[in-house]
Amino acid sequence: MTLSTLLVCADAAAVDVLRRVLEELGMKAELCSDPVRAGVRLAQERFDLIVLDCKKQKDMLDLLIGSRASRLNDNTLAVVVAEGQAGTPHLFSLGVNFVVYKPIAYDRALSSLRAVQTLLYRDKRRKARASVHTQATVDYAGGQQIKATLVDLAEDGMAVNFGTKLPPTCRVYFQFQLPGLKSIVRLSGQVVWQDWNGRAGVQFVDVPQTSRRIMSEWLQSNIADTRNSEPPSAAVSVQLPAQPKEVSVPKTPAETQDGKVRERDAMARLRTETYNRRGQDRYACRLGAEVFKAGSQVRNYCHLSDLSPGGCYLEMPLVFPQGSAVEITVRTHELKLRLSGKVKVSHPGHGMGISFALSTPEEKSGVQQLIDFVAATASNHE
């Protein structure tokens with residue numbers, strides 16, 4: 001993964017030091033001594049890094065402002081070589097990431113640019129995407145065991161073709177195998193954008209260590225081929241794409257309220273299995289909780305969701321086997337509640353469905369108080 005640098009500098013001594021540093025760090029440098037020519041190159045090509053050492057402050061400011069206004073280099077890291085610390089705050093306000101002061105010493109320049117390199121590699125690893133065409137099984141609010149196609153994959157998200165439109169900001173639970181591998185990847189993510197034909201961007205939320213290792217190793221062996229075979233414009237990033245605005249018909253208050261109710265019901269159905277499809281009201285929530293396996297003092301942090309008088313769902317990557325007895329502690333501003341229960345269903349990488357074992361009136365009253373708190377909170381946000 002070679003990083004590209006546009007070095008804008010007319011000082012021969014500074015060029016010599018900076019070029020040696022960039023060469024040692026394995027970064028490809030294009031020298032441009034003319035600020036006007038540098039502006040043209042910034043409009044023509046994307047660079048990972050811009051190093052500016054202009055004789056005139058105006059030339060440097062023009063290049064900075066021009067790069068930040070351009071489509072190709074609006075987020076490119078910028079390093080400025082400055083005479084002194086005067087005016088440094090103004091430089092940072094224009095989007096400068098690092099400042100190297102004159103006279104340029106090799107060791108100091110190497111230290112600064114090595115820090116820049118670390119940031120660039122981290123950002124490239126996060127954004128680099130590999131094409132992948134594989135089937136996945138997904139669960140989400142309103143759908144279970146639905147088939148979808150993964151389009152591309154990165155360390156923090158992926159593009160997926162669901163073939164249908166999902167609820168906005170929907171949480172989706174995936175199981176899939178990457179091409180050439182037999183291991184199953186399990187993870188959950190959140191839909192951050194989607195278009196009219198069912199294609200969506202998913203940002204990862206909970207990824208178990210085993211699944212993350214499988215994806216990282218697969219990406220390392222496939223990302224280079226993807227970069228060589230696809231032009232940059234073909235890459236898909238997890239962000240809202242430019243799409244024609246859909247013509248929408250304003251909803252009446254009754255329709256809006258009805259939609260919220262249906263969404264809550266769908267989220268509750270996602271968490272429930274056959275064991276718990278009773279006539280109990282369920283409340284979508286997200287409360288911090290701790291869960292202990294019976295007989296153990298090991299504390300496992302999780303999120304409690306989809307609460308009902310008879311049970312709840314605990315979101316956590318490492319789950320207990322079905323049938324395990326558990327102790328759950330939930331805290332709110334006014335309540336601390338400790339409950340016993342049993343794991344009725346386990347979804348490795350996602351969470352567990354819990355059935356409460358309420359043996360005393362106090363425990364039942366505590367659950368009802370928690371339900372009242374969740375219901376009141378939900379009402380305040382509607």
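The values are calculated or read from the model by the stated rules, or taken from the named source; none is laboratory data. Nothing here was measured: the structure is a model prediction, and the numbers come from that model. All Cβ positions, even for glycine, are placed from backbone atoms using ideal geometry, and neighbour counts span all protein chains on display. Note: areas computed on protein heavy atoms with side chains; ligands, DNA, RNA excluded. Shrake-Rupley method; radii C 1.70, N 1.55, O 1.52, S 1.80 Å.
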Can you tell me which residue in region 32-65 is modelled with the highest pLDDT, limited to those that are outside any loop (DSSP other than H, G, I, E, B), of a type in the set (Lys, Arg) and open to solvent by 30 Å² or more (accessible area, probe 1.4 Å)? 37
Taking interchain pairs and intrachain pairs at least six residues apart, which have beta carbon atoms under 6 angstrom, with the first residue in region 106-120 and assigned to a helix (DSSP H, G or I) and the second modelled with pLDDT under 85 and open to solvent by 40 Å² or more (accessible area, probe 1.4 Å)? 112/98; 116/98
Enumeration of residues in region 174-207 that are in contact with a Leu (Cβ under 7 Å, 6 or more places away or on another chain) and assigned to a loop (DSSP other than H, G, I, E, B): 207
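Okay, residues lined up against (1) in a strand (DSSP E or B); (2) open to solvent by 30 Å² or more (accessible area, probe 1.4 Å):
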{"position": "67", "(1), (2)": "no, no"}
{"position": "78", "(1), (2)": "yes, no"}
{"position": "81", "(1), (2)": "yes, no"}
{"position": "96", "(1), (2)": "no, no"}
{"position": "100", "(1), (2)": "yes, no"}
{"position": "103", "(1), (2)": "no, yes"}
Mind listing whichever residues of region 174-185 are closer than 16 Å to residue 208 by Cβ and surrounded by fewer than 21 Cβ atoms within 10 Å (Cβ to Cβ)? 175, 177, 178, 181, 183, 184
Give me a count of the residues in region 140-164 that are touching a residue at least 40 places away in the same chain (Cβ under 8 Å), surrounded by 20 or more Cβ atoms within 10 Å (Cβ to Cβ) and under 22 Å from residue 351 (Cα atoms). 4
Take the residues in region 309-333 that are touching an Asp or Glu at 6+ places or on another chain (Cβ under 9 Å) and of a type outside the set (A, V, I, L, M); name whichever of them is surrounded by the fewest Cβ atoms within 10 Å (Cβ to Cβ). 331
Determine if region 166-173 includes at least one residue that is assigned to a strand (DSSP E or B) and open to solvent by less than 10 Å² (accessible area, probe 1.4 Å). yes
Go through the residues of region 11-24 one by one and say whether even a single one is assigned to a helix (DSSP H, G or I), of a type outside the set (S, T, N, Q), open to solvent by less than 70 Å² (accessible area, probe 1.4 Å) and at pLDDT below 85. no
Check off (1) open to solvent by 60 Å² or more (accessible area, probe 1.4 Å); (2) in a strand (DSSP E or B); (3) of a type in the set (D, E, K, R) for residue 306 and give me the number that stays unchecked. (1)
Among the residues listed as 344, 336, the single one being more than 28 Å from the chain's Cα centre (by Cα) and surrounded by 13 or more Cβ atoms within 10 Å (Cβ to Cβ): 344
Exactly one of (1) part of a strand (DSSP E or B); (2) within 22 Å of residue 173 (Cβ to Cβ); (3) modelled with pLDDT under 90 is unmet by residue 330. Its number? (2)
Report whether or not residue 215 is outside any strand (DSSP E or B) and open to solvent by less than 60 Å² (accessible area, probe 1.4 Å). yes
Test residue 28 against the criterion of being surrounded by fewer than 19 Cβ atoms within 10 Å (Cβ to Cβ), modelled with pLDDT under 85 and of a type in the set (D, E, K, R), and give yes or no. no
What number goes with the only condition from (1) in contact with a Gly (Cβ under 6 Å, 6 or more places away or on another chain); (2) over 26 Å from residue 221 (Cα atoms) that residue 168 does not pass? (1)
Step by step: first the residues of region 345-363, then only those that are in contact with a Ser or Thr (Cβ under 6 Å, 6 or more places away or on another chain) and within 16 Å of residue 293 (Cα to Cα), then the one that is modelled with the highest pLDDT. Which residue is that? 357
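A quick yes/no check of all residues on (1) part of a helix (DSSP H, G or I); (2) at pLDDT 85 or above:
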residue	(1), (2)
313	no, yes
321	no, yes
338	no, yes
343	no, yes
365	yes, yes
370	yes, yes
380	yes, no
Screening 203, 194 for residues that are open to solvent by 70 Å² or more (accessible area, probe 1.4 Å) and of a type in the set (S, T, N, Q) leaves only 203
